[in-house]
């Protein structure tokens, strides 16, 4: 360790996150804990005294990436303390600590102890080599208390992810998350609101409310110390906390993380639509559009029920953006079942789809199901879904052209030598507004307006834009292979 013997020199910590938005939130909270205790945060590519990898285990690829990052850290700085934290550790058990590249293993629900754990490890390693404990994880198969983590500041002044729930009791046949995250547990409303007030006071105006199974929020409040049944959802608790968040000064927008389709009842959606700060952007996890595959997945709904949820959202929200996840090549998926899934996605008209090839996870029922498809078959089906997704996404963006929308601006971007200010609409459509070197834009009345991070303004969406357009225009050729945005003009709200 480079800081031994001199307490006045800050220890340097490098952090890397893998996986979901909940993981990202937790690593941000760990960063704050380290800073508050005198650590210096450096890039993961720099020499450091401690490397922390917040791991993911949702797929085999996620496992492999977790190990790769841990091994990369130890190879870069052999004397550094390498910490594996999170879902990979929790699902692997103490076997994770057998990896010689890992010095400390910290499971889920112990992350707030990280400073003490690191300090104890360093102290014992220096005084009594080989004496340090290196595995810290609880049994999460039974009810445990929610581990409250807290953020006060984030690097961006636009959007913050707020974790309000942990754990999942659904046990879909392909999924490791119930094993890695444990049973459903919810954050106290007063702790959620305290965090949002602090972040709002520091300039954050948009909050993404998230969790491992957000639709279960608050169900454990009703049956303390017991495991929540898988078919119990928390619409009342979720609506209550969303209402309280919307009442916090400075909160301009509220987005919801992934939701269980079955929570989208007429009553829930109608009441949700009454909260003006809720963004019309909903992620409803589908996984398959085939009823027979859904049954094998243990998903507890069918296509007709899912469509009813989507129709209800479109009844109460004006052209909401609906996004989803789909698994291609689930065990036994026939060509007919895949076609059903593909046609169903087109029928729904998703704004975006997150598409994954089926990943066999040892210990899950799907891992031993008959009819395992080859990697080539799964890749081909992923490709067909991706082609459909591109068309669906473009079609949704086209519905916004010629209309006004509210944009939260985030940062300057440059394509092919042209500068734009980038932001998102309430529907989460990516928007670019042309600006000059100083970040000022010409509005519809010919007046120049200064744009900046965190500014919310009205725009008129003119057309779709491919980020490769300016690059190919300057070099000659045709565009069409970059990330899709919409180009917009600023509207002068003052008249």
Name the residue that is surrounded by the fewest Cβ atoms within 10 Å (Cβ to Cβ), counting only residues in region 289-312 that are more than 19 Å from residue 372 (Cα to Cα) and touching a helix residue (DSSP H, G or I) at 6+ places or on another chain (Cβ under 6 Å).
302
Given the condition buried (at least 21 other Cβ atoms within 10 Å of the Cβ), assigned by TED's automatic domain parsing to the domain that holds residue 27 and touching a strand residue (DSSP E or B) at 6+ places or on another chain (Cβ under 6 Å), answer yes or no: does some residue in region 57-64 qualify?
no
Against the definition (under 19 Å from residue 14 (Cβ atoms), in a helix (DSSP H, G or I) and under 24 Å from the mean Cα position of the chain (by Cα)), how does residue 122 come out, yes or no?
no
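Being surrounded by fewer than 20 Cβ atoms within 10 Å (Cβ to Cβ), in contact with a helix residue (DSSP H, G or I) (Cβ under 7 Å, 6 or more places away or on another chain) and modelled with pLDDT of 95 or more is the requirement here; does residue 173 meet it?
Numbers: surrounded by fewer than 20 Cβ atoms within 10 Å (Cβ to Cβ): yes; in contact with a helix residue (DSSP H, G or I) (Cβ under 7 Å, 6 or more places away or on another chain): yes; modelled with pLDDT of 95 or more: yes.
It is true that residue 173 is surrounded by fewer than 20 Cβ atoms within 10 Å (Cβ to Cβ), in contact with a helix residue (DSSP H, G or I) (Cβ under 7 Å, 6 or more places away or on another chain) and modelled with pLDDT of 95 or more.
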Only unsatisfied item for residue 354, checking (1) part of a strand (DSSP E or B); (2) in contact (Cβ under 8 Å) with a residue 60 or more places away in the chain, is (2)
Of the numbered conditions (1) under 21 Å from the mean Cα position of the chain (by Cα); (2) surrounded by fewer than 19 Cβ atoms within 10 Å (Cβ to Cβ); (3) closer than 12 Å to residue 136 by Cβ, residue 84 satisfies every one except a single condition; which is it?
(2)
If only one of 317, 330, 338, 358 is crowded, with 19+ Cβ neighbours inside 10 Å, within 30 Å of residue 194 (Cα to Cα) and at pLDDT 95 or above, which one is it?
317
The lone condition residue 105 fails out of (1) part of a helix (DSSP H, G or I); (2) in contact with a helix residue (DSSP H, G or I) (Cβ under 6 Å, 6 or more places away or on another chain); (3) over 15 Å from residue 34 (Cα atoms) is (1)
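Right, residue 324: modelled with pLDDT of 95 or more and part of a strand (DSSP E or B) or not?
Answer is yes for this residue.
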Residue 338 more than 19 Å from residue 59 (Cβ to Cβ) and either assigned to a helix (DSSP H, G or I) or in contact (Cβ under 8 Å) with a residue 60 or more places away in the chain (or both):
yes
Determine which member of the set 59, 55 is closer than 30 Å to residue 330 by Cα and without any contact (Cβ under 8 Å) to a residue 40 or more places away in the chain.
55
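The values are calculated or read from the model by the stated rules, or taken from the named source; none is laboratory data. As the structure is a prediction and not an experimental result, all values here were calculated from the model. All Cβ positions, glycine included, derive from the backbone under ideal geometry; neighbour counts span all protein chains shown.
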